[in-house]
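**Q** Take a look at this one; I'll ask things after.
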Amino acid sequence: MKIAPARALAILVVLLSGGCDTRLPVPDATLLEVNAAVNRQGLPCPRDYCQDDWPDPADLPQLEYWDCKAYAVAKAHRLIGQYGYSPNRLEYLLIAGPPLRVTHAALLVDGRWVMDLGLRCQVCELDRFVAGVTVTGRLPVNELPLVVRMLRR
């Protein structure tokens, strides 16, 4: 069997480069660290939701239970306050659909990485996180206070 020179060159490049790279992308270690630390904070909600509203970061220590909104707010607050992330890099992501019984919130970083409680993933790429569910909303972190004020009127 004769191999065309272009194909032989392509095979050689793949072999010399170590073969095909099938590894999954890995998020920044800061995201993994913050996600794990915040997931250990607060008592998880004993039902699907505990907060009627999005909590303010200052209110988190006083909450009896944390729902997905509280965890997302805490992660954003820590990334901004302790790691210097720009709020422009962060969004709250809302998803709905089976097997979820209510809309679920998580934190989206750089439009790519989702930080969650581990129900769907811990820290994973957006496409993997939303597979099989519907994205019902994306809200930039810095716009949440304005939205909350408008809803309380």
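The values are calculated or read from the model by the stated rules, or taken from the named source; none is laboratory data. For clarity, every value in this text was computed on a predicted model and none was experimentally measured. FYI the Cβ positions are ideal-geometry reconstructions off the backbone, even for glycines, and counts take in every protein chain you see.
**Q** Sort through Asn39, Asn88 and tell me the only one that's surrounded by 11 or more Cβ atoms within 10 Å (Cβ to Cβ), of a type outside the set (A, V, I, L, M) and at pLDDT 95 or above.
**A** From the options Asn39, Asn88, the qualifying one is Asn39.
**Q** Let me ask you something else. Quick one: would you say Ala72 is more than 16 Å from Pro44 (Cβ to Cβ) and either surrounded by fewer than 14 Cβ atoms within 10 Å (Cβ to Cβ) or not acidic (Asp, Glu) (or both)? Even if it seems obvious, please write down each step before you answer.
**A** Numbers: more than 16 Å from Pro44 (Cβ to Cβ): no; either surrounded by fewer than 14 Cβ atoms within 10 Å (Cβ to Cβ) or not acidic (Asp, Glu) (or both): yes.
Considered against the rule, which asks whether it is more than 16 Å from Pro44 (Cβ to Cβ) and either surrounded by fewer than 14 Cβ atoms within 10 Å (Cβ to Cβ) or not acidic (Asp, Glu) (or both), Ala72 comes out as no.
**Q** Considering each residue of segment 32-60, count those that are free of Cβ contacts under 8 Å to residues at least 12 places away in the same chain and part of a loop (DSSP other than H, G, I, E, B), and give that number. Even if it seems obvious, please write down each step before you answer.
**A** Of segment 32-60, the ones free of Cβ contacts under 8 Å to residues at least 12 places away in the same chain are 33, 40, 47, 52, 58-59.
Adding the requirement that they be part of a loop (DSSP other than H, G, I, E, B) leaves 40, 47, 52.
Adding up the residues that qualify gives 3.
**Q** In segment 101-115, what residues are out of contact with any Lys or Arg (no Cβ under 9 Å at 6 or more places or on another chain) and in a loop (DSSP other than H, G, I, E, B)? Talk me through it step by step, then tell me what you get.
**A** At the first step, the residues of segment 101-115 found to be out of contact with any Lys or Arg (no Cβ under 9 Å at 6 or more places or on another chain) are 101-103, 112-113.
Correct list: Arg101, Val102, Thr103, Arg112.
**Q** Another one. In segment 101-141, what residues are touching a Leu at 6+ places or on another chain (Cβ under 8 Å) and of a type in the set (Gly, Ala, Ser)?
**A** Passing the criteria: Ala105, Ala106, Gly111, Gly137.
**Q** Moving to a separate point now. Between residues in segment 71-87 that are free of Cβ contacts under 8 Å to residues at least 60 places away in the same chain and residues that are among the aromatic types (Phe, Trp, Tyr), which pairs lie under 6 Å by C-beta distance while being six or more apart or on different chains?
**A** Ala72/Tyr92; Leu79/Tyr85
**Q** Being polar (S, T, N, Q), surrounded by 11 or more Cβ atoms within 10 Å (Cβ to Cβ) and farther than 21 Å from Val26 by Cα narrows it down to one of Gln51, Gln62, Gln122, so name that one.
**A** Matching residue, one of Gln51, Gln62, Gln122: Gln51.
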